[in-house]
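The values are calculated or read from the model by the stated rules, or taken from the named source; none is laboratory data. Because the structure is predicted, anything quoted here is derived from the model rather than measured. Note that each Cβ is placed from the backbone with ideal geometry, even for glycine, and that neighbours are counted across all protein chains shown.
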Amino acid sequence: MSRDAQPCDRHRLAAVVVHFGTPGQTAACVAALRGSRRIADHLVVVDNGSGDQGLRDRLAPLDWIETPRNLGFAGGADLGIRRVLDVGASRVLLINSDALVEPDCLGILESALDQPGVGLVGPAIVSARDPATLESTGIAYRPLTGRMRLSGWGKLVPAASSPAHLVDALSGCALMIRREVFDVVGLLPEEYFFGFEDLDFCLRARSAGFLALCAPAARVLHQGGASLAPDSPDRIYFAARNHLLLARRARPLPAPLSALRAAHVMALNLAYVTLHSKVPRLAGARALASGLRDYCAGRFGARAAPASRFV
């Protein structure tokens, strides 16, 4: 904390919203937070380089941080996290600008976070386009192969009485974090720029002894694709590059095994480009190759080539 930081209040909840070029979604996100039964004690919107003065005026009064350029999701989120820790927050909610909390979501998450040993908790992420369908109830990760998958993807939304359960990691779409986690493992890793920073952060927290819990009775509606179009090749670029970086960091291996795991990670990404992605296959293959090239060259952060809009 800074020299002027306020003492921590163990009941103080802060929410951080990272905004970039999504004024309508951000306004709706803030409205949902303000309409929650458990209202955040401190609300920060980080304008990640878009200079949206009109939105700032619409949302006032609230804590508004403006960056001179796009810092990526983690870079923007970390600015907000530092701010709320400095004003004494004991719990921090990170939420995407295109996500809407249900009225009882924050209260359920906060209760789950009070359980012994729990450092991170997330809700069921529900598709806003099809509210009966899940996007995620946590993330499963296999460090030896580098495979990750969204638990519950495409399944029906579970009953409101569904119990909380332990997971490997949670989506940064909506993630509540105990202050002590930041004290021990630090902030989100900014070199990823777009994607996998949440998985990296959760795995580091688990390695430090904090439990990650999904509370599916808490729900968030997620629109998705608001800040980076689903058919943008940049999605493939960041997915490939950052997946390789995450695999290396999460579980270092001897060189031969590391090379095999990297090949497996690339095969998984190639399968996605070929079978599931909305990106045209040729453009996707080129983006995949660019991601591999920059990973091997140690180039991280924002993509050097001109790219689409980022969070």
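Can you tell me which residue within region 1-22, out of those that are farther than 18 Å from Leu187 by Cα and buried (at least 18 other Cβ atoms within 10 Å of the Cβ), is modelled with the lowest pLDDT? Give the steps one after another, and end with the answer.
Our first condition is that a residue be farther than 18 Å from Leu187 by Cα; within region 1-22, this holds for 3-4, 6-7, 9-12, 19-22.
Going one step further and asking which of them are buried (at least 18 other Cβ atoms within 10 Å of the Cβ), we end up with 12, 19-22.
Details: Arg12: 95, His19: 94, Phe20: 91, Gly21: 87, Thr22: 90.
Only one residue fits best here, namely Gly21.
Within region 154-175, how many residues are among the β-branched types (Val, Ile, Thr) and either without any contact (Cβ under 8 Å) to a residue 60 or more places away in the chain or on the phi > 0 side of the Ramachandran plot (or both)?
Start the filter on region 154-175 by keeping residues that are among the β-branched types (Val, Ile, Thr), which leaves 157, 167.
The next check asks that each one be either without any contact (Cβ under 8 Å) to a residue 60 or more places away in the chain or on the phi > 0 side of the Ramachandran plot (or both); those that pass are 167.
Final tally of qualifying residues: 1.
Within region 225-283, which residues are touching a Leu at 6+ places or on another chain (Cβ under 9 Å) and basic (Lys, Arg)?
Arg235, Arg241, Arg249, Arg251, Arg261
Within region 178-188, can one find any residue that is within 28 Å of Pro233 (Cα to Cα), of a type outside the set (Val, Ile, Thr) and assigned to a helix (DSSP H, G or I)?
Taking every residue of region 178-188 in turn, none turns out to be within 28 Å of Pro233 (Cα to Cα), of a type outside the set (Val, Ile, Thr) and assigned to a helix (DSSP H, G or I).
One line per residue, one yes/no per condition, for (1) within 17 Å of the chain's Cα centre (by Cα); (2) surrounded by fewer than 23 Cβ atoms within 10 Å (Cβ to Cβ); (3) modelled with pLDDT of 95 or more:
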residue: Phe193; (1), (2), (3): yes, no, yes
residue: Gln223; (1), (2), (3): yes, yes, no
residue: Ser232; (1), (2), (3): no, yes, no
residue: Tyr237; (1), (2), (3): no, no, yes
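Any residue in region 72-94 that's more than 20 Å from Phe196 (Cβ to Cβ): show its pairings with residues that are in a helix (DSSP H, G or I) and of a type in the set (Asp, Glu) at Cβ separation under 8 Å, as long as the two are six or more apart or on different chains.
Cβ pairs passing all conditions: Arg91/Glu110.
Which of the residues that make up region 65-102 are surrounded by fewer than 24 Cβ atoms within 10 Å (Cβ to Cβ) and over 18 Å from Gly49 (Cβ atoms)?
Answer for region 65-102, where residues must be surrounded by fewer than 24 Cβ atoms within 10 Å (Cβ to Cβ) and over 18 Å from Gly49 (Cβ atoms): Leu85, Asp86, Val87, Gly88, Ser90, Leu100, Glu102.
From Ile95, Ile108, grab the single residue that is out of contact with any Ser or Thr (no Cβ under 9 Å at 6 or more places or on another chain), assigned by TED's automatic domain parsing to the domain that holds Leu62 and not in a strand (DSSP E or B). Talk me through it step by step, then tell me what you get.
Numbers: Ile95 fails: not in a strand (DSSP E or B).
Residue meeting the stated conditions: Ile108.
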